[in-house]
């Protein structure tokens, strides 16, 4: 099939400048006519940045992006559906849908006719004069969809379109969309959808691209040849989901240099309670120390953007290993699960000192200073040499929570200062 | 297919003419709407006809304390208020939008607004009256403009700030929709940015309107040096009544004001607030949306859409001013360009700094020709006196109103009843009541230095009250219950729960009250009743005296010193407190 858009060598760095923290690195991809392509990755993999580069909302630092005219020689166009719906609360459903046509200076009558056609297609008839506030989440996203479709784009870009909806609503909307797409009623050539929900990707897409994190690269590609409508309980479906889980945790499983964490790489803000909770879950039956990640995600009702940061942090702290898509407790992790409060703290403290360089660095500075105090700004500045201020702030918050729990150091929020001891 | 299109047309109408709407007959709501619109039109026309008369007519027809003339005076005063509000609105749209859109404009406009906000507006009168009268010699228009300008200066700045801040907080996803669909800058402004800013702007316009009353009273009866003009209006009526020691006339004016405030609140602001509710960006419908019977009336009226259709037609012409829609770029190649140095911007910053320092040097030179360093010390000393008054009075007002506000705020039924009254009292121009203080001070031979002071917070204390009420009613019920369960009461209850809970709100109230009090000092430290003139030593009376004497240099000096005091207090006291409130004490 004809390509719609081809991308090569695409790279983007924080702040757009060379030398900033890389977000995307050397991404090449092609979206062809008649296919639904999924971009799967965790937070920080740059999947949204990639989508926005195609939409023209982000100007990447490097690379090339080319839309290929269709068979009739017509230029391509894109439209986007947002996770947050992004509807104007002061415009009615009809006015919201007309917005894109207004920008194109489509005459009022034609605008109205086309908008109503899109509204009817997407199952919103009767709601033309309603304001978004009056609609449920699912209906709002239908408005978002109609607004994107009405401008007749060649490529429909969807940024986690169902993740703000409850499970049932998301399911209905997904199957409605797939049905319309299958019947060829949408009038678009292809769909590119960003998601962090593996099952959603397997349900909807013909092709799934897995992005790795920091920086984002295309790590793997999966074809989905299952016929629509797809059945989640189909063994082939389950198998594919498992494969993707395994692939997505593979890179992280490779032993990273243990002392590097924290100073030049952002730490995820994961609370000690989540860490302890996951360790206990894996340790207890039915898993008894070894849990397939996809089952774990189902049991705990966690999406991968919630589950993976916890898993990765546990890996980094050497509480847990990932082996072929399974989470496996280490000796230290199994011990943690059995320990009482004080032992746990001591255990956590040892692992922080050994494996999180930022934590041991802060402790060292505090030990060296006579006052045993150090302003947080000092460490924030060090971090910002390697990452964006946002990531630096998250990283510092994470290390503060862990350090406080482990009683490695104390922190005074008012003074923005680390110290060795909390004043009694 | 054609059938469904016809149905669709019936469903939503065409160009605002919906068959469903026009199908029904006109009802009584149409009559009421028509009556309201006609009354507004007639009132405006007659008021404007009044305003363009020659100045000499005012000498022939002096202000009379005849109750029959009061409705006309009230009308003229109201028109001035709304003219100033309209001017503030236009100014806000232009200045705030420019500041939000252009870095260069922002560099000039925002610091200027910040300073203007802290400048005592009443001190301006000397300069503006002279300027406007020179612009329209012999005509009432000049004086009207000066009065309207005085009100404008009390309304415009906070409105502009509100719009500027809103424009910079437009949610990122809405911004992306605009760019993704290629909306032109103009259409983006009309469709996304201004609507988003509407609720904040409406709220600030309402507060501005309340503040405006204070200045109406002070600006209609203008006397600068030997020039004395009295514009027909409630303010002049009051001035005459005070001059003749006619308490009955003062009471009448107060009543007229109350009626006017009630009327425009019901006819203008309530409907506008009810309408602006749709512009609030939030995912769920608010549990208790603001209601207004006038708004419902207008919505029910079938007459209205055809009446406004021509305006909407004109608005549609906006499209003509737009550039042709852009086609999507089909091929893009990205490279990192060396970060372009914003040389132009730096040059501009330098230019602005040079201009500002030149102006400062010029002002000091100008003052230096007539004033000595001793004058500066006098002004500064007076400033300290006024500062003492403001601090003590805000403290006293807080001691009184914080407990009362908390008591009310914790009882939802009382809150609903008292909150509108407190807001009405804040709108009420306290300077009307000053003469009563004079009578009392003279009767009991009290010390004006002490007893004139309370007048400064008479009008501004309500900000403390209604902010504290809002804060107390926002304290989550589970916190209150937890404290009750543990038997926390007395001082501990205040320290651990109530004071931290209301702190952010209290700071907002105290900041507004303090700023207002400085401004009020100009009229509160020098008060008259007939030929009894009382004055308290302070910066306010310093400026008032200089204005009465037509001493431009001293007025300017007084204004500058007061601005410095207000800015210093805001920066050194309120801003740090705000920061603490934001970091530590947000209940969310």
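Descriptive notes on the structure:
- Three principal axis lengths of the stretch A:3-248 [C-alpha, angstrom, descending]: 48, 45, 38
- Between 0 and 90°, nearest 10: helix B:194-219 axis offset from chain B longest Cα axis: 20 degrees
- Ascending count of other beta-carbon atoms within 10 Å, so fewest first, for A:345, A:133: A:345, A:133
- Using a cutoff of 8 angstrom between alpha carbon atoms and counting only pairs six or more residues apart, the relative contact order for chain B works out to 17 percent.
- Inter-chain Cβ neighbour count for A:109-121, averaged per residue, equals 2 (cutoff 10 Å, partner chain atoms only).
- Cα-based convex hull, the stretch B:431-588, per residue volume (Å³, whole number): 136 Å³
- Taking the average, over residues, of other Cβ atoms within 10 Å as the packing measure, peptides A:199-208, A:180-189 rank A:199-208, A:180-189 from highest down.
- Number of partner chain Cβ atoms within 10 Å, mean per residue of A:305-314: 0
- Antiparallel content of DSSP bridges confined to the protein assembly as shown, in %, to 5: 70 percent
- For A:94-101, mean number of other protein chain Cβ atoms within 10 Å: 2
- Cα-based Rg / Dmax (Å) for the protein assembly as shown: 34.0, 102
- The calculated 222 nm mean residue ellipticity attributable to helices in the protein assembly as shown amounts to -19000 deg cm²/dmol, summing -39500 (n - 2.57) over DSSP H runs of n ≥ 4 and dividing by all residues.
- Nitroxide proxy distance, nm - points 7 Å out along Cα→Cβ at residue A:108 and residue A:183: 3.3 nm
- Contact order for the stretch A:256-424, expressed relative to its length and based on alpha carbon pairs under 8 Å spaced 6+ residues apart, stands at 29 percent.
- Anisotropy class of the stretch B:52-280 from Cα gyration tensor, a/c 1.5 cut: prolate
- Rg/Rg_ref, the stretch A:256-424, where Rg_ref = 2.2 N^0.38 Å and atoms are Cα: 1.06
- Note on the stretch B:449-499 and the stretch B:33-73: Cα centroid distance 45 Å, given to the nearest whole angstrom.
- From least to most packed, judged by other beta carbons within 10 angstrom and beginning with the fewest, B:362, B:264 follow the order B:362, B:264.
- Rounded to the nearest 10 degrees, the inclination of helix B:499-524 to the longest alpha-carbon principal axis of chain B is 60 degrees.
- Debye log10 I(q)/I(0) for chain B, one point scatterer per Cα, at q = 0.05, 0.06 Å⁻¹: -0.26, -0.38
- Using R0 = 56 Å, the C-beta based FRET efficiency linking residue B:186 and residue A:175 works out to 0.85.
- Between the helical axis of A:108-121 and the longest alpha-carbon principal axis of chain A there is an angle of about 60 degrees.
Throughout, read-outs are computed from the coordinates displayed, never taken from laboratory work. Here the structure is a predicted model, which means the values were calculated and not measured. All Cβ positions, even for glycine, are placed from backbone atoms using ideal geometry, and neighbour counts span all protein chains on display.
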